[in-house]
Amino acid sequence: MTVAVVGAGPAGTRAAEVLVQAGLRPVVIDEAPDNGGRIYQRPPAGFRRSDGDLYGTEAHKAQALHRRFDQLRGAIDLRASTLVWDVRPQQLLTLRDGRSETIGFEQAILCTGAMDRVIPLPGWTLPGVYTLGGAQVALKTQGCAIGQAVAFLGTGPLLWLVAYQYAKAGARVAAVLDTTDFATKAWRTGGLLRGGRTFLNGLRYVGWLRWRGVRIVEGVVPEAIEGDGEVTGLRYRTRHGTHHIACDAVGIGWGLKPETQLADLAGVSFAFDPVQRGWLPVRNEAGRTDIRGIYLAGDGVRIGGADVAELAGARVAWAVVEDRGLPVDHAAVARLDRALQRQAKFRQALDRAFPYPHRLAAGMADDTILCRCEAITAGAMRAAATAEVNRTKALTRIGMGRCQGRVCGPAAAEVLAAALGCPVEQVGRLRGQPPVKPIPMRTAAAG
Amino acid sequence: MRLVRLAETARPAVAFTLDGAPATALAGDTLLTAILANAEHVRTSEFGDGNRAGFCWMGACQDCWVLVQGEGRVRACSTYVAQGMAVLRP
Ligand SMILES: Cc1cc2nc3c(=O)[nH]c(=O)nc-3n(C[C@H](O)[C@H](O)[C@H](O)COP(=O)(O)OP(=O)(O)OC[C@H]3O[C@@H](n4cnc5c(N)ncnc54)[C@H](O)[C@@H]3O)c2cc1C
Ligand code: FES
């Protein structure tokens, strides 16, 4: 039986590469129409911008990854535009163009990537408010800015990167508002310098934005996105008082969170990670899990960025090769392990430099919409607070909406923990349900 | 808020209808782009809290569902516009 790779981003591509090198012909499945994953997502046919325009300093990496993937096409069984909506023992349930298909596997490598972690605030459901990643997708794959005057709010490397990409592409950036204060970031700089170019790029973006006269404020407390039916401005607080800026669109995000639903459905154990403040699937350094035949790599396990995803994808594929009793290139594995250890140190520093402002989430006003799927407020969740997040979910439906808590999950856990006066890890975690994304009812019934 | 096209504007035009009215998009636009280049929102929340215009652009939040004649409910951010498509905003 075959090896399946779910996700054709940096991790999935490098996993497929190693599998092919070992003489296997993996099935590679991605919901997107083409390979690349999030950071190296390819624009649709007929788009003309250069890789330099699209991927900036990472253009050479994007090119290398795309080239490799194109060389692999004949040697893999590629299923593009195909959603994996459930995992059963040795089976992936997939859907493409409304048709379902069950794909059997002996080993499955899940490289499902990440999405933005957001903190709801008043006005965040207004048209014109998007995730930072979403704002970037609009620019990268559609050539569009999300508005005429765009404010960016949140924290983390993506905040500065997306603001820079917008300004560079000719969009008007109304402000960049970072909820982390400068002191926190500067204090952690020692560890960040280990990351070499990644960190220096970050500094370059900030410097360039300042030089272009973009309003930059650090250590803000966001109050509300304002507007009646559409965004007209953003209100925030600093030590000096309350401020207002005019804008017609806002990009928000506080780092990323892994897409762990498939690992959850496969039965993999989860553990609370105090640095990333979330429940993450457990795997060893090689990417093996406690479920036989299930392997994990990339941002879908723990946010590590694209370089780590490439390394981890290759590393986990060697584990599969070994478990199938095929010859392993031990020198290559040792190189990958060393590189992953170096990256882990940098990542820890990055996580500490841009901490998730959990108090902001925990303290959101009662009338703030927490669940945007069903317009459920933070107050409703507090009123229903019981000691376990899945119980509260049954009472409020928070986490039972169409997105299955992908969007509100981390913030909902903070609200609940604060309401109960317990550490956030004690409220448990939202469980994944098949289908991982809404699909036609008849497919789920037949599956 | 309206999307602002900053690049890739030389693509061929695509005619579609939005709530029955004629509208124009560019080949390679997703429905989210196609709609927001023509209008302010893509759907109305069924929970009475106003209009929505998508959120994540990557198929995760499910806040961009629209109806396409002959296809039913689709995610606007993960569906490409096509010539003659009839799009309804729920
Ligand atoms: C919107 C967004 C923008 C980002 N931009 C940047 C950036 O500019 N720079 C940067 O350094 N980092 C960026 N990141 C971080 C980025 O996630 C990583 O650096 C890198 O892409 C991780 O690689 P990966 O292979 O682990 O996952 P990804 O690249 O995310 O690839 C995962 C793939 O799995 C597929 N998939 C997931 N679930 C399923 C399923 N159930 N069925 C089928 N297919 C599935 C997805 O379609 C996707 O193609 C971004 C993240 C997001 C969410
Ligand atoms: S905008 Fe989030 S699913 Fe389409």
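Per-structure values
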| item | result |
| --- | --- |
| Average silhouette area of the stretch A:83-175, convex hull of alpha-carbon atoms, in square nanometres | 8.7 nm² |
| Descending semi-axes in whole angstrom, ellipsoid equivalent of the stretch A:213-362, from the Cα gyration tensor | 41, 17, 13 |
| Over the stretch B:13-88, relative contact order from alpha-carbon pairs under 8 Å, at least 6 apart, % | 37 percent |
| Amide hydrogen neighbours beyond the local backbone of A:ASP77, cut-off 5 Å, H modeled | A:VAL27, A:VAL28 |
| The stretch A:195-270 versus the stretch A:379-436: alpha-carbon centroid distance in Å | 23 Å |
| Dipole of the protein assembly as shown [Lys/Arg +1, Asp/Glu -1 at C-beta], most positive-end residue of A:CYS247, A:ALA384, A:ALA175 | A:ALA175 |
| Length-normalised contact order for chain A - Cα pairs under 8 Å, 6+ apart - percent | 18 percent |
| For the stretch A:275-354, alpha-carbon Rg over 2.2 N^0.38 Å | 1.13 |
| Set A:LYS61/A:LYS345; A:LYS345/A:LYS393; A:LYS345/A:LYS437; A:LYS140/A:LYS257; A:LYS257/A:LYS437; A:LYS257/A:LYS345 screened for pairs whose C-alpha atoms are more than 28 Å apart | A:LYS345/A:LYS393; A:LYS345/A:LYS437 |
| Span per principal axis, largest first, for the Cα atoms of the stretch A:358-427 (Å) | 28, 22, 20 |
| Within chain B: Cβ-based charge dipole about Cα centre, in debye rounded to nearest 20 (Lys, Arg +1; Asp, Glu -1) | 120 debye |
| Order of A:MET381, B:MET85, A:MET115, A:MET1 under a 10 Å beta carbon neighbour criterion, fewest first | A:MET1, B:MET85, A:MET115, A:MET381 |
| Listed residue (A:VAL217, A:TRP279, A:THR232) projecting farthest to the positive dipole end of the stretch A:203-309, Cβ model | A:VAL217 |
| Relative contact order (%) - the stretch A:198-337, alpha-carbon pairs under 8 angstrom, separation at least six | 12 percent |
| For A:CYS247, residues with placed amide H under 5 Å, excluding near neighbours | A:GLY233, A:LEU234 |
| Amide H within-cut-off set for B:GLY50, under 5 Å, with H built and near neighbours excluded | B:SER45 |
| Dimensions in Å of the protein assembly as shown - Rg and Dmax from alpha carbons | 22.1, 65 |
| Within the stretch A:15-54: Cβ-based charge dipole about Cα centre, in debye rounded to nearest 20 (Lys, Arg +1; Asp, Glu -1) | 80 debye |
| Lys, Arg +1 and Asp, Glu -1 on Cβ, resulting dipole of the stretch A:218-349 about Cα centre, debye, nearest 20 | 620 debye |
| For the stretch A:370-376, 3J(HN,Hα) per residue [Karplus equation, 6.51 cos²θ - 1.76 cosθ + 1.60, θ = phi - 60°, Hz, x = Gly/Pro] | 8, 9, 7, 4, 10, 6, 9 |
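A short reminder: the numbers here are calculations on the coordinates, not readings from a lab. Because the structure is a prediction, the values reported are computed rather than measured. Neighbour counts are summed over all protein chains in view; Cβ atoms, including those assigned to glycine, are modelled from backbone coordinates with ideal geometry.
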